[in-house]
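Enquirer: Below you will find the structure I want to go over with you.
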Amino acid sequence: MAKSNFDVKELLSKMTLQEKIGQLIQLNAVFFGQTTAEITGPAERWKLATKEVYNMGSVLNFHGAEEMKRIQDDYMAKNRHGIPLVFMMDVIHGYKTIFPIPLALGASFDPELVKECTRMAAKEASAAGVQLTFTPMVDYARDARWGRVLETCGEDPMLNGIMGAAQVEAFQGDDISDHNNLATCVKHFAAYGGAEAGRDYNTVEISERLLREYYLPAYKACIDAGTKMVMPSFNSLNGVPSVANKWLMNDVLRKEWGFDGVVISDYNAVGELVKHGIAADMKEAAKLALEGGCDIEMMSISYYEHIPALIEEGIITEEQIDASVLKVLEFKKELGLFEDPYHGADEEKAAALCLSPEHREIVRRAAEQCAVLLKNNGVLPFSKDIKTIALIGPFADNNQIRGFWACDGKDEDCVTIADGIKALLPDVKVIVERGCSEKIDELDKSGFKAAVKAAKKADAVVLCLGEFQKYAGEGNSRIDIGLTGVQQELANEVLAVNDNASVVLFNGRPLALVELDEKAPAILDMFFPGTEGGNAVARLLFGDANPCGKVTMSFPKAVGQCPIYYNHPMTGRPKTKPENEHQGYASSYIGCGNLPLYPFGHGLSYSNFVYESLELDTDTLMADGEINVKITVKNDSNVAGKEVVQLYMRDLVASTVRPIQSLIGFEKIDLAAGETKTVTFKVTEPMLRFYDANCNFISEPGEFTISTGHADNLLLTKSFVLK
Ligand code: GLC
């Protein structure tokens, strides 16, 4: 689309102060087009004369092109300058055709797959009127108690950054005014995932060194990929809530990283500065947020109510406001809204795209490739020449598998496991027995008897278990991350009568599954797979698809291990005894080992991948040199498959403690039955850098190791020295 030449500076010069401030306020769609004289914000937090709405700058939480156009037409007719609104939504893992949650997307280790899903979402959402999505969420997370791990790609900074940047590129394309593209907003800046005790919105106290090494890189990757907006996080960071945190928002984001786009608060996060106790009232909250560089205030109106007085009192200047307003108007111009306020939105186009067979195929394939085969004693894949299969558990015919942030996606659009298996194997008798609930407080076992009876007479059994989809996501933190309710007891009774059985899991976080792991012959984790979940499950269980996902967030043995993550330092007293033995005077637990049940990078396949060799072309790396690494992998099976070849590094001695392993590269490869392939990586000095005690980003000469193999036990290791 031709670049707009609309003169936003000339427009700005015609606007009154109140009109300018209005461009810095974002409200829910429900407030537009009201006929009452006054509107009231959530929980009576604020009131506003309805006519003032026609000064506001942007909208969130609307539904579909028709509503968007109605609001836009009404607004532009009543806004004195005819300035278009910009419409924003959370298109996190799909708009209407839903793909797996980001925690599963990361498990694919396939940025191209993530881009394909994102491109699909961009087309649907843009046609439905969305012009910016509050995506990617790249909060670094180590604590499975936190409900929003569902939205992250887990515990590795590099993987998080790669997947976040892939989403930015795929949503934005080359030109956000293109009708198939959306602008993006990276969130939640910063370190929201570091919430103390894994409790959402809780305090975050993290050293600058840890911030820079683990929590900040993924946001930076998205900014380098060109994201148009940044959303500060709700949490206080080292004592100051992000939206008012000058070090974070000005020193790091603006000065150090050079971000000159728009900053938008999270939902009422400016108002919450009063709750945090760092603002006495909304006027002070407005002042602090403005000083923190926040341009748009989402769902609070402190700017609208108090900026005129703050200017009058000389606390802020109108030039500061002009600068923010100009950024917002420039953003609308870049979207092409002054020429096309609809940004190409079209109900019929949206209806043709949403849930189309092509889009369903994309999300089904994604669900297959994001699934992680956690355990398999050989029972999978099931044989297709069975007569009867029993689907037992709360997810047997349950369509609540789209995940917490599913935008306009609906449960009723989702394919259940029962649907999927009936479609794949129309001649097989499918018995469905839910047996129990997936809800924490529902302990009724009256369904066990019928479930066990079904299991006894079935040729194969699928235990369809997991987490109620509202137990993960925003505001949903848990103190126990085991199977909820009586699901484990149901599994025990069913597994006792039929061992040709596999578990299929639906979950939004890593779960603690020690007992299930001991008793189940196989466990296939789908996370929340989205619209085509049931078809993906059927194809995976019966071998029409071969699992290839890898864990991106460690599955603890017990919630007491949280936070637990693979890239941890050694400590001065590492545990040396066997995992299940307590070791006094060592860093260990009584009653539980230190290791996760399933570590980062773990994931099985129906193929058998053998890591035959790891070779370095030199054992000495000069500062300006490189090491060429070759890893040879053989598919020693008769089943073609995909393997994520992972390259890990360890810095054996440094001026700050270093992780026992750090992922520095990965490549997903296809291997035909019996095929051998060699994957190459280059290791260079910048890949070895870390933040020292003074936050200098440096590498230090010394000995390093390079490792690869199955994540559970990196089989091949070589050493080299950095000179
Ligand atoms: C929510 C979330 C944020 C989302 C915003 C708008 O509270 O924290 O991720 O983008 O509000 O829905």
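Enquirer: Given the range 182-248, report the % of alpha carbon pairs whose separation exceeds 14 Å.
Expert: Tail of P(r) above 14 Å: 56 percent of Cα pairs.
Enquirer: Take the Cα atoms of the range 231-272, find their three principal axes, and give me the spread along each one in whole Å, biggest first.
Expert: 27, 22, 10
Enquirer: Evaluate the relative contact order of the chain (contact order divided by residue number), counting alpha-carbon pairs under 8 angstrom at least 6 apart; express in whole percent.
Expert: 13
Enquirer: Where does the Debye-calculated log10 I(q)/I(0) of the range 423-565 sit at q = 0.13 Å⁻¹, using only Cα point scatterers of equal weight, no solvent?
Expert: Calculated log10 I(q)/I(0) at the listed q: -0.60.
Enquirer: Still on this structure: Report, in deg cm²/dmol and to the nearest 500, the calculated mean residue ellipticity at 222 nm for the chain, where each DSSP H run with n ≥ 4 adds -39500 (n - 2.57) and the sum is divided by the residue count.
Expert: Using -39500 (n - 2.57) per qualifying helix, the result is -7500 deg cm²/dmol.
Enquirer: A follow-up question, please. Obtain the radius of gyration and the Kirkwood radius of the range 73-197 from its C-alpha atoms and give Rg over Rh.
Expert: The Rg/Rh ratio comes out at 1.04.
Enquirer: A further question on this structure: Check which residues have an amide H placed less than 5 Å from GLY665's amide H, if you skip close sequence neighbours.
Expert: Those lying under 5 Å, H to H, from GLY665 are LEU647.
Enquirer: Using the count of nearby Cβ atoms within 10 Å as a rough guide to exposure, how do HIS359, HIS343, HIS710 rank from fewest to most?
Expert: HIS710, HIS359, HIS343
Enquirer: So how many Å³ per residue does the convex hull of the Cα atoms of the chain work out to?
Expert: It is 167 Å³ per residue.
Enquirer: Report, largest value first, the span of the C-alpha coordinates of the range 523-657 along each principal axis, in whole Å.
Expert: 50, 45, 27
Enquirer: Next question, about the same structure. Report, by chain and number, residues whose modeled amide H sits under 5 Å from the one on ILE25, excluding near sequence neighbours (fewer than 5 apart, same chain).
Expert: When sequence neighbours closer than 5 places are left aside, the close amide H contacts are GLY57, SER58, GLU297.
Enquirer: Quick check on the exposure proxy: order VAL372, VAL432 from fewest to most C-beta atoms within 10 angstrom.
Expert: VAL432, VAL372
Enquirer: Ranked highest first by the average count of other Cβ atoms within 10 Å around their residues, in what order do 131-140, 244-253, 564-573 fall?
Expert: 131-140, 244-253, 564-573
Enquirer: Normalising by the residue count of the range 33-187, find the relative contact order in percent from Cα pairs under 8 Å and 6+ residues apart.
Expert: The value is 22 percent.
Enquirer: First obtain the Kirkwood hydrodynamic radius of the range 534-612 from its Cα pairs, then insert it into the Stokes-Einstein equation at 20 °C and 1.002 mPa s, and state the resulting D in µm² per second as a whole number.
Expert: Here the translational diffusion coefficient equals 142 µm²/s.
Enquirer: Now, a different point. Kindly give Rg over Rh for the range 255-348, based on alpha-carbon atoms, with the Kirkwood expression for the hydrodynamic radius.
Expert: Reported Rg/Rh (Cα atoms, Kirkwood Rh): 1.05.
Enquirer: Within a 10 angstrom radius of the beta carbon, how do ILE223, ILE206, ILE301 rank from fewest other beta carbons to most?
Expert: With the fewest neighbours first, ILE223, ILE206, ILE301 line up as ILE206, ILE223, ILE301.
Enquirer: Also: Give me Rg over Rh for the range 268-321, both radii from the alpha carbons and Rh done the Kirkwood way, two decimal places.
Expert: 0.93
Enquirer: For the chain, what proportion of DSSP beta bridges, expressed in % and rounded to the nearest 5, is antiparallel?
Expert: Bridges in the chain are about 55 percent antiparallel.
Enquirer: Something else about it: Per-residue HN-Hα couplings for the range 115-120, Karplus 6.51 cos²θ - 1.76 cosθ + 1.60 at θ = phi - 60°, whole Hz, x for Gly and Pro?
Expert: Whole-Hz 3J(HN,Hα) from phi for the range 115-120: 5, 5, 5, 5, 4, 4.
Enquirer: Report, by chain and number, residues whose modeled amide H sits under 5 Å from the one on ASN268, excluding near sequence neighbours (fewer than 5 apart, same chain).
Expert: Distant-sequence amide H within range of ASN268: MET298, MET299, SER300.
Enquirer: Something else: Tell me, what is the percent relative contact order of the range 114-267, built from C-alpha pairs under 8 Å that lie six or more residues apart?
Expert: It rounds to 25 percent for the range 114-267.
Enquirer: Per residue of the range 131-147, what does 6.51 cos²θ - 1.76 cosθ + 1.60 with θ = phi - 60° give for ³J(HN,Hα)? Whole Hz please, x for Gly and Pro, Karplus curve as stated.
Expert: 10, 9, 10, 7, 8, x, 8, 10, 5, 6, 9, 10, 10, 5, 6, 6, x
Enquirer: Once the Cα gyration tensor of the range 641-723 is diagonalised, what are the square roots of 5 times its eigenvalues, in whole Å and ordered largest first, as equivalent ellipsoid semi-axes?
Expert: Taking √(5λ) for each eigenvalue gives 29, 12, 11 Å, largest first.
Enquirer: How far, in degrees from 0 to 90, does helix 282-291 lean away from the longest principal axis of the Cα atoms of the chain, to the nearest 10?
Expert: Roughly 80 degrees between the two axes.
Enquirer: Determine ³J(HN,Hα), in whole Hz, for all residues of the range 357-369 in sequence, where each value follows from phi through the Karplus function 6.51 cos²θ - 1.76 cosθ + 1.60 and θ = phi - 60°; x replaces Gly and Pro.
Expert: x, 5, 6, 4, 5, 4, 6, 5, 4, 5, 4, 5, 7
The numbers here are math on the coordinates, done by the rules we state, and not lab data. Computed from a predicted structure; not experimentally measured. Positions of Cβ are generated from backbone atoms using ideal geometry, with glycine treated the same way; all protein chains shown enter the neighbour counts.
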